[in-house]
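Below is one structure, written out as structure tokens; the observations come after it.
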Amino acid sequence: MIKKVILAVLAVIVLAAVVGAAAVMRFVSTAAGTAGDSPSHTLFAVDRGESFSSVARRLSAEGFVEHPRAFKIYAWARRYDRRIKAGIYRITRIETPRDILDRLVVGDIHKVDVTVPEGYMHVEIARALAADTHIDSTAFANLFEDPEALEILAVEGPNLEGYLFPDTYSVPWGISVLDVAGMMVRRLDEVFDADMRVRARAIGLSRHEVLTLASIVQAETRLPKELPLVSAVYHNRLRRGMRLEADPTVAYAKGGYRGRLYFKDLEIESPYNTYRYGGLPPGPICAAGKAAIHATLYPDSACKAIYFVAEGNGGHIFSLTLKDHLAAVRRVRASKARITDDD
């Protein structure tokens, strides 16, 4: 008789467990919202060190989990309750609690793709980040010359200019400004690989000097095919002991001025003004892309030109002598005058 009672009790327990497990699975597999609800997303933050009970309670309070106890039982049974990752997640009420939990465990945090174009200066990069993410452009700009940040990021220059590599980045929502800068500096380290470092030493330049010259090359032309030619001109000038006399360095000295430069601008007192000072400026003036860096390391060896002038269509005329250069300048001006008269 006792044996039968025990078996009956065990049967009830097993049945209850099965029924309970089925109920738990049903609860965690049912979204709080319905298919007809708007799929609008909500940003949900899991703090570092936050307990799973706290997360479950907040998910319930915000309407994402209707049965927090079942949610916790399921997480405990799967041993997920100690594996959730901190971060900011983009979730909806039409997701099931089980799907939400899976994302918390794998760390599927909300990310935003941000593209930093070649030739951008630090302030422009800060604006691009602020436009697409929560990143505070002011806080990001404050890193520019922060000694502690430069040391942490192992930046060789006096500031971050030129070390934030232009690329498309998947930026986690909630990331710190230092971490996002770190992503961009590490990308530069990947691009400027061991072969490039060997080549830099072979032509007698440090990586910082290569990045500095590459930024000028990047700023001078929009045509990829011209990058090795522009690079060759500046290498030729440096070998001859000439000043670089690069207009983009003057524009940078003016705070990144994008308008027309005048002769008076060439007298601006700044170590970045290569019309006044010989050699390279103290550091890069913008973010050079891989093609510009490669062109700086491998200038067109056949190009002996030391002058060039913009044609007005994105291209340039390259000249070996000052006489030819001045003639090219006159042709460009005459061409622009004809276009103006026709208008």
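Read the figures in this text as sums done on the coordinates, not as results from a lab. Every value quoted in this text rests on a predicted model; they were computed, and no experiment measured them. FYI the Cβ positions are ideal-geometry reconstructions off the backbone, even for glycines, and counts take in every protein chain you see.
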Gyration tensor (Cα only) of the stretch 206-304 to equivalent ellipsoid, semi-axes in Å sorted down, yields 21, 14, 13
Centroid-to-centroid separation of the stretch 194-228 and the stretch 132-154 [C-alpha atoms, Å]:
25 Å
Computed E for Asp108/Glu311 - FRET, C-beta separation, R0 35 angstrom, nearest 0.05:
0.10
For Thr168 and Ala334, FRET efficiency with R0 = 51 Å and r from the beta-carbon atoms, rounded to 0.05?
0.75
Coarse-grained scattering of the stretch 74-126 at q = 0.17, 0.19, 0.25 Å⁻¹, given as base-10 log I(q)/I(0) from a Debye sum over alpha-carbon atoms:
-0.63, -0.69, -0.97
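Over the Cα atoms of the stretch 200-257, what is the Rg over Rh ratio if Rh follows Kirkwood?
0.97
Quote the charge dipole size of the chain about the Cα centre in Debye, to the nearest 20; the model charges only the Cβ of Lys and Arg (+1) and of Asp and Glu (-1).
980 debye
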Running a GNM on the chain with Cα contacts under 10 Å, which residue among Ser170, Ser231, Ser60 ends up with the highest mean-square fluctuation?
Ser60
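Using only alpha-carbon positions, what ratio does the radius of gyration of the chain give when scaled by 2.2 N^0.38 Å? Mind showing how you got there, number by number?
Numbers: Rg = 30.4 Å, N = 343, 2.2 N^0.38 = 20.2 Å.
The value comes to 1.50.
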Take the Cα pairs of the stretch 111-191, get the Kirkwood Rh, then feed it into Stokes-Einstein at 20 °C and 1.002 mPa s and tell me D in µm²/s.
173 µm²/s
Quick check: the angle from helix 322-342's long axis to the longest principal axis of the chain, C-alpha only, nearest 10 degrees?
70 degrees
Relative to the longest principal axis of the C-alpha atoms of the chain, give the angle of the C-alpha long axis of helix 207-220, reported between 0 and 90° and rounded to the nearest 10°.
70 degrees
What is the chain's relative contact order, in percent, from Cα pairs under 8 angstrom and six or more apart in sequence?
14 percent
Spacing of the two label points (7 Å from each Cα toward its C-beta) at His41 and Thr138, in nm
2.7 nm
Name the most mobile residue of Val180, Val332, Val233, meaning the one with the largest mean-square fluctuation, in a Gaussian network model of the chain with Cα contacts below 10 Å.
Val332
Comparing Arg186, Arg240, Arg127, which has the greatest mean-square fluctuation in the GNM of the chain with Cα pairs linked when under 10 Å apart?
Arg240
Residues Met196, Met242, Met184, sorted so that the one with the fewest Cβ neighbours within 10 Å comes first:
Met242, Met196, Met184
